[in-house]
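This report concerns only the one structure given below.
The values are calculated or read from the model by the stated rules, or taken from the named source; none is laboratory data. What you see is a predicted model; the values in this text were computed from it and never measured. No Cβ is skipped: glycine too gets one built from the backbone with ideal geometry, and neighbour counts run over all protein chains shown. What goes into the accessible areas is simple: the full protein's heavy atoms, side chains included, and nothing from ligands, DNA or RNA. Shrake-Rupley method; radii C 1.70, N 1.55, O 1.52, S 1.80 Å.
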Amino acid sequence: MHSLLGCLVYCGIAAAPAALASCSDDNFAGDPTRDWNGTSSYFEPTDEQGFSTYYTPSVGRVGDPMPFYDQRTGDFKVLYLQEYTNNMTFRFHPIWGVSTKDGANYTSLGEIIPYAANDYQQDAAIGTGCAYEKDGTYYVYYTGHNGNCKNREVVMRATSTDFKTWTKDELWTLNGPDFGYSANDFRDPQIFVADDNLYHMLIATYPVGGGDPVFAEFKSPDLKSWEHVGRIRMIWDRMLECPDVFKMGDWWYLVYSESFRASWSRKVKYMMARSYDELKDCFNNGPKWPADGHEGVLDSRAFYAGKTASNGTDRYIWGWCPFRSGADLHEKNVSVGAGDGNEPNWSGALVCHKLIQHSDGTLTLGAVPAMAAKYTQQQDVKVMASNGYNGGTLSGDDAYVLYNRLGTANHLKFTVKTSNNWDKFGISFVRSTDHEFYYTMVVNPEDENHRKVNFEQEGYRVMSDDNGNEQQIYGKGFIEGIDGYWFERPADNTYKIDIYTDNSVLVMYINDVCAYTQRIYGIQKNCWSVNNYGGSVTVSDVTVSQY
């Protein structure tokens, strides 16, 4: 620990004066009147056990979400695969759920569908699926996964009339080999109503005998009996997981996640077309990417397994933001931001965005309206330190303005205007006046007219070798495991930025054209900064709100 403020992690921020006096830092102990918000040294916070906005259960984490809008109750129900730190070998990932009316406040529904009672039943482990309601009956179609069985993966279902008591249909399965598909990879069923007014189901799989992956397509008049109607190509050899098909306005969309195993492409993306038949053809003789300049990418590599649901007015998308290994290390700034560059882990916190449909049909992601309505307690914003900062303008290399400490959940809103088409700026978290490493989302010019958010570890630490000689060890710089995507530079070089944080989860929105989700440990109760890298930028209208 590096100050009494760090000691407060264990003593408690709201401790009584006597408790404050029990901490060991001689400089500050016994001073209950100290204005901690007036300090800017590094603080070592820990995440709360459960997150409020980017939902995380108090035990375990959120895996692939399966949202749908329940018209009977007037809310969204988001099912998900419940992940525990110590899963059993064969039995894991029961389906749990939450309900929400607005994508910003959640109520836990607990366990919906348990995994099997022994290691040899088909759904000993449960994989991604979907939920649907028809004529008073709820259906959940899901993946039964078990390497002990003849088919490692099959599609299964359960039903309920009240969304509380569920019955597994033990006599029904869809088996890949029965239709010419893999027995090992046959997963992620998703149901929707197509142009023919029939229910259709897509399943991610491979043809028997190998070859490039495909979506197996089935149709049904009643959600009970299913007929195989063909297959849809994927993108070359890329496995596309968690498919979601829907119509929005005059356009049809397919949202998918390029396989988590393919680190270089692991992002949530979409295809679009004027009809469902045209949508199925998007991967043929192409791919026929959306005309958005970034191949349909919707978010960073810290948002995965995204699926959507609509209440008839707005359509939201839910995915998970991964946890990062090493967050439990208590060495100053070692792990707060995955500075090692490794790929993130599977599962984490539930993140929700609103889909924004533009006039040409292309999609971007924005904050759900309830986010701004939730973060209503406006905070004082103070400049704690700066370099090259004058009247709101940052000029020259290494210019920055450091603002006072954040709370556990924060809404940062501000405007950055660059002086020309090439200026580069960034927003840093876990930064302090005694900082070593800190972590920055850099809005980087990829060319004159395009930007991309890069994640960088900046700063340095002083290390001594065996002979006592000191040297500076600099941050890693660009972190390849959390890449963003291209977006167009605003014509007037003005960036309207909203950032929402909940403990270590963060989402940044820029001008309704860019969404960037990230996990940075240590955001809360530390300072933050806006930085300039050559040229000059102007920072204005800075507000911070909490709840």
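Just a few scattered comments:
- The residues of region 429-468 that are among the hydroxyl-bearing types (Ser, Thr, Tyr) and over 22 Å from residue 524 (Cβ atoms), listed by number, are 460, 464.
- Region 70-86 residues that are without any contact (Cβ under 8 Å) to a residue 60 or more places away in the chain, paired with ones that are exposed (fewer than 14 other Cβ atoms within 10 Å of the Cβ) (beta carbon under 8 Å, 6 or more apart): 82/111; 84/59
- Leading residue by the ranking (most open to solvent (accessible area, probe 1.4 Å)) among those in region 134-143 that are touching a residue at least 24 places away in the same chain (Cβ under 8 Å) and more than 15 Å from residue 167 (Cβ to Cβ): 134
Results for (1) surrounded by 23 or more Cβ atoms within 10 Å (Cβ to Cβ); (2) out of contact with any His (no Cβ under 9 Å at 6 or more places or on another chain); (3) at pLDDT 95 or above; (4) not aliphatic (A, V, I, L, M), shown as yes or no for each residue.
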residue: 522; (1), (2), (3), (4): yes, yes, no, yes
residue: 532; (1), (2), (3), (4): yes, yes, yes, yes
residue: 541; (1), (2), (3), (4): no, yes, yes, yes
residue: 545; (1), (2), (3), (4): no, no, yes, yes
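- Region 106-127, residues that are touching a Ser or Thr at 6+ places or on another chain (Cβ under 6 Å) and surrounded by 22 or more Cβ atoms within 10 Å (Cβ to Cβ): 106, 127
- Extreme residue, least open to solvent (accessible area, probe 1.4 Å), among residues of region 88-105 that are assigned to a strand (DSSP E or B) and of a type in the set (Phe, Trp, Tyr): 92
- For region 478-510, filtering for residues that are at pLDDT below 95, open to solvent by 30 Å² or more (accessible area, probe 1.4 Å) and closer than 24 Å to residue 536 by Cα leaves 1.
- Strands (runs of 3 or more DSSP E) lying entirely in region 174-277 (those with 2 or more residues that are farther than 26 Å from residue 314 by Cα, open to solvent by 60 Å² or more (accessible area, probe 1.4 Å) and of a type in the set (D, E, K, R)): 227-233
- Residue list for region 419-443, filter: closer than 22 Å to residue 534 by Cα, under 28 Å from the mean Cα position of the chain (by Cα) and among the β-branched types (Val, Ile, Thr): 427, 440, 442, 443
- Among residues of region 287-323, those that are part of a loop (DSSP other than H, G, I, E, B), within 21 Å of the chain's Cα centre (by Cα) and aromatic (Phe, Trp, Tyr), counted: 2
- Residue in region 58-73 that is farthest from the chain's Cα centre (by Cα), counting only those that are among the charged types (D, E, K, R) and not in a loop (DSSP other than H, G, I, E, B): 70
- Region 496-514: number of residues that are among the hydrophobic types (A, V, I, L, M, F, W, C) and without any contact (Cβ under 8 Å) to a residue 40 or more places away in the chain: 0
- Qualifying positions in region 36-57 - outside any loop (DSSP other than H, G, I, E, B), open to solvent by less than 30 Å² (accessible area, probe 1.4 Å) and modelled with pLDDT under 95: 51
- Residue match in region 67-75 (condition: over 30 Å from residue 186 (Cβ atoms) and of a type in the set (Asp, Glu)): yes
- Taking region 370-477 and the strands (runs of 3 or more DSSP E) fully enclosed by it, the elements with 1 or more residues that are in contact (Cβ under 8 Å) with a residue 40 or more places away in the chain and either touching a Cys at 6+ places or on another chain (Cβ under 6 Å) or surrounded by 13 or more Cβ atoms within 10 Å (Cβ to Cβ) (or both) are at 377-379, 383-387, 393-395, 399-403, 409-418, 425-431, 437-447, 450-464.
- Of the residues making up region 106-121, those that are under 16 Å from residue 142 (Cβ atoms) and assigned to a loop (DSSP other than H, G, I, E, B) are 114, 115, 116, 121.
- Tallying residues that are open to solvent by 20 Å² or more (accessible area, probe 1.4 Å) and among the small types (Gly, Ala, Ser) within region 144-173 yields 1.
- Count of residues meeting criterion [of a type in the set (D, E, K, R) and in contact with a helix residue (DSSP H, G or I) (Cβ under 7 Å, 6 or more places away or on another chain)] in region 73-123: 1
- Filter result for residue 285 (open to solvent by 10 Å² or more (accessible area, probe 1.4 Å) and on the phi > 0 side of the Ramachandran plot): yes
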